[in-house]
Amino acid sequence: MDHALLELLRADGRISNVELAARSGVSEKTVRLRLARLESEHGLRYTAVLPEPDAASRLVCLLRTSPWKRDEVSAVLAGLPGVERTYLASGAADIVLLAGFPDDSAALGFLVESVQTVPGVESVQSCHLIGAVTSGRDGDAARSPIVDRGVLSELLLAGGVRQSVGELLGALCDAAAAGLGADRVLICRGEYGRGEPGRSVLEIVANRGVPREYVDEMSARLDGRVHGVLSRVAESRMHVAVHNAAADPLMSGLGDLVRDAGYTSLLALPMLYGDALLAVVCLYFDEPTVLTADYVAAAQQVVDFFSVSYARSLGLAPSGLPSNPPAI
């Protein structure tokens, strides 16, 4: 319901509550209450965007950064004059930057004097945009998942008292889907590239909505070899976010499976207990999705909460260790 209302508002920000109710099939009062909750709990805001004159010289820059410096560098770049968009990326670049200037001289000065001198930038590749073929379609705009804190609080409180492994992982899947807005959830264990040929390196311990054919074929293709996303999570003990899974280099060799499965974006999160990697929790999104730092932090908090109980079930944590729900 919330996403349907947001899509209608994105299409026409001046639409009335009565019209929203008619198109959504609910009462006007329900629309008012839903919008009020989105405003108070999720920061919904209404803005007017005025068209600006096109910049005469526009740049796209692909940047590589020093280890652990990507977020810091992107924050500095986003505040530089002329910068229109800054994206965190994977594959060929750590950061992708789009900027516009009144002339080529200003663009060159920006590249040499501003971008290349930012601490933490190791290399920069740039190209000039010489014309627009298409501006895209509004319906393809990426969205950010809505974190429902009320639902998460209920699920985490219930998850803390579950006993069986199946119930525990089921509660985590519920939290990811209902509380974090994921369309599908997959939790897997394995050696992530350290397996021997002839035997599977993956063990699927929980699945919520991921087609069985995708799981089986993915396991077969990963038999005894490294998988980009899972191995990256295992090596770094950090999350990996993939905006366009069908085209991302980390999903090399799985593009056709991604398209057949019907998802677009992916967030893989480590489930850790101390230094031990217990599992990788994968959240799948059917639409292009913006995975903000705040969203990833909330998702990781949810996974961390369940990791203690899961470690206990594997005999890695003391039975009396408490699992206190995080303040998300």
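Per-structure values
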item	result
Filtered residues of the range 105-130 (kept if exposed (fewer than 13 other Cβ atoms within 10 Å of the Cβ) and part of a loop (DSSP other than H, G, I, E, B))	117, 119, 130
Unique residue being surrounded by 12 or more Cβ atoms within 10 Å (Cβ to Cβ), under 30 Å from residue 232 (Cα atoms) and touching a Phe, Trp or Tyr at 6+ places or on another chain (Cβ under 7 Å) when the list is 96, 73	96
Filter result for residue 251 (crowded, with 16+ Cβ neighbours inside 10 Å, over 26 Å from residue 170 (Cβ atoms), touching a strand residue (DSSP E or B) at 6+ places or on another chain (Cβ under 7 Å) and assigned by TED's automatic domain parsing to the domain that holds residue 153)	yes
From the options 112, 124, 165, 118, residue that is assigned by TED's automatic domain parsing to the domain that holds residue 211 and either modelled with pLDDT under 90 or not charged (D, E, K, R) (or both)	165
Positions within the range 235-261 being in a loop (DSSP other than H, G, I, E, B) and either β-branched (Val, Ile, Thr) or touching a Pro at 6+ places or on another chain (Cβ under 8 Å) (or both), in sequence order	237, 238, 239, 243, 244
Close pairs from the range 23-42: first in contact (Cβ under 8 Å) with a residue 40 or more places away in the chain, partner part of a helix (DSSP H, G or I) and among the small types (Gly, Ala, Ser), Cβ under 8 Å, at least 6 apart	41/150
Some residue of the range 187-197 being surrounded by 15 or more Cβ atoms within 10 Å (Cβ to Cβ), modelled with pLDDT of 85 or more and within 19 Å of the chain's Cα centre (by Cα)	yes
Leading residue by the ranking (surrounded by the most Cβ atoms within 10 Å (Cβ to Cβ)) among those in the range 26-48 that are in a helix (DSSP H, G or I) and among the basic types (Lys, Arg)	34
The range 10-25, residues that are surrounded by fewer than 16 Cβ atoms within 10 Å (Cβ to Cβ) and among the aliphatic types (A, V, I, L, M)	11, 15, 18, 22
Criterion: modelled with pLDDT of 85 or more and of a type in the set (S, T, N, Q) - qualifying residue of 252, 265, 219	265
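The values are calculated or read from the model by the stated rules, or taken from the named source; none is laboratory data. Since the structure is predicted, the reported quantities are computational estimates derived from the model, not experimental observations. Note that we place each Cβ from the backbone using ideal geometry, even for glycine, and neighbour counts take in every protein chain shown.
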